[in-house]
1. Go through the stretch 1-21 and report how many residues are polar (S, T, N, Q) and either touching an Asp or Glu at 6+ places or on another chain (Cβ under 8 Å) or assigned to a strand (DSSP E or B) (or both).
2. Mind checking whether some residue in the stretch 46-61 is small (Gly, Ala, Ser), surrounded by 11 or more Cβ atoms within 10 Å (Cβ to Cβ) and either in contact with a helix residue (DSSP H, G or I) (Cβ under 7 Å, 6 or more places away or on another chain) or in contact (Cβ under 8 Å) with a residue 12 or more places away in the chain (or both)?
3. State which residue is farthest from GLU9 (Cα to Cα) when the search covers only the stretch 22-48 and only residues that are part of a loop (DSSP other than H, G, I, E, B) and at pLDDT below 85.
4. Determine if the stretch 5-13 includes at least one residue that is among the β-branched types (Val, Ile, Thr), loosely packed, with under 12 Cβ neighbours inside 10 Å and out of contact with any helix residue (DSSP H, G or I) (no Cβ under 7 Å at 6 or more places or on another chain).
5. Which of the residues that make up the stretch 77-92 are surrounded by fewer than 11 Cβ atoms within 10 Å (Cβ to Cβ) and not charged (D, E, K, R)?
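The values are calculated or read from the model by the stated rules, or taken from the named source; none is laboratory data. Owing to the predicted nature of the structure, the values given are computational and were not obtained by experimental measurement. As a convention, Cβ positions derive from the backbone with ideal geometry for all residues, glycine included, and neighbour counts pool all protein chains shown.
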Amino acid sequence: MTETVQLPEKVDIIISEWMGNFLLKEAMLDTVLLARDRFLKPGGALYPSHATLYLAPCSHGCFSQRWQQYVDEHWAWRTFLDEMHAEYRLDYGVLADRHESEASERHLQSW
């Protein structure tokens, strides 16, 4: 919508709730910057104008278990690839990215 809307004049203030998880999840930053460039008067204000992200390392038993399952699956996959190549000269490497993505989703992103 920002790409197609027309305003009769530039504005003094733009207020937008563009921040998703970890400030970037909703992928709205590009749209907000486009709106700023197209519609905001020189010296105008964009709110919110600043953001701070605080992170702290933590651990949870459930995550440790899921991480170990992920690592175990990774090594089982590597072993499978090596065995198929050694025994039959088959290269399943083309599936590596897909396998990695599915394993990550299954073990680390599906809580």
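1. The qualifying residues number 0.
2. no
3. This residue is LYS25.
4. yes
5. Hits for the stretch 77-92 are THR79, ALA86, TYR88.
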